[in-house]
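Participant: One structure is given below, represented as structure tokens, and several questions about it will come after.
The numbers here are math on the coordinates, done by the rules we state, and not lab data. Source: prediction; values computed, not measured. Here the Cβ positions follow ideal geometry from the backbone for every residue, glycine too, while neighbour counts run over all protein chains shown.
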């Protein structure tokens, strides 16, 4: 039993040390992940590249609580969701297909005939806050990195 407790204590220390280092660099802890909220704007791909350089990726919305968390920053923010097919099949950056969505009213819509293959948070006061937008636009972004023991 002592060995188990020792391993658990070491894992907890490592978790707290790692999490603390990320928080000092501007990351926020929520539920089981660390999130980085950018202060500058980039294209969707540039934003994703930044996240991956940090050992993270653009945020994937898995729960209503996470959706609510991402809306609180009141910034036009990239999500890790895009359409990579001609059939408008929305896919998360981890390769999973979108099942539960939070599209804003009338979205996705390819506004004014534009090719809108990326997704942003736009309607902050609504639970259904997503908007499709061209990937070349500039937005803030949210990185997500799993933080587990």
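Participant: Taking the Cβ of each residue in 135, 118 as the centre, tally the other Cβ atoms inside 10 Å and list the residues starting with the fewest.
Facilitator: The most exposed by this proxy come first: 135, 118.
Participant: Cut-off is 10 Å between beta-carbons; in what order do 136, 116 appear when sorted fewest neighbours first?
Facilitator: 136, 116
Participant: What distance in nm separates the simple spin-label points at residue 100 and residue 28, each placed 7 Å from Cα in the Cβ direction?
Facilitator: 2.0 nm
Participant: R0 = 22 Å: FRET efficiency of residue 126 with residue 63, Cβ-based, nearest 0.05?
Facilitator: Efficiency computed from Cβ-Cβ geometry: 0.80.
Participant: For the stretch 34-143, take the convex hull of the Cα atoms, compute a quarter of its surface area, and give me that in nm², please.
Facilitator: Computing the convex hull of the Cα atoms and averaging its projections yields 6.5 nm².
Participant: Also: What's the exposure ranking of 78, 90, 44, going from fewest to most Cβ atoms within 10 Å?
Facilitator: Fewest to most other Cβ atoms nearby, the residues stand as 90, 44, 78.
Participant: With N denoting the number of residues in the stretch 106-149, provide Rg(C-alpha) divided by 2.2 N^0.38 Å, to two decimal places.
Facilitator: My calculation over the Cα atoms of the stretch 106-149 gives 1.42.
Participant: Sorted by mean Cβ packing within 10 Å, highest first, what order do the peptides 80-86, 92-98, 124-130 take?
Facilitator: The peptides rank, most packed first, as 80-86, 124-130, 92-98.
Participant: What is the extension gain from residue 86 to residue 73, computed as 0.36 nm multiplied by their sequence separation minus the C-alpha to C-alpha distance, in nm to one decimal?
Facilitator: 1.5 nm
Participant: What does the extension gain come out to for residue 52 and residue 112, with contour length at 0.36 nm per residue minus their alpha carbon separation?
Facilitator: 18.4 nm
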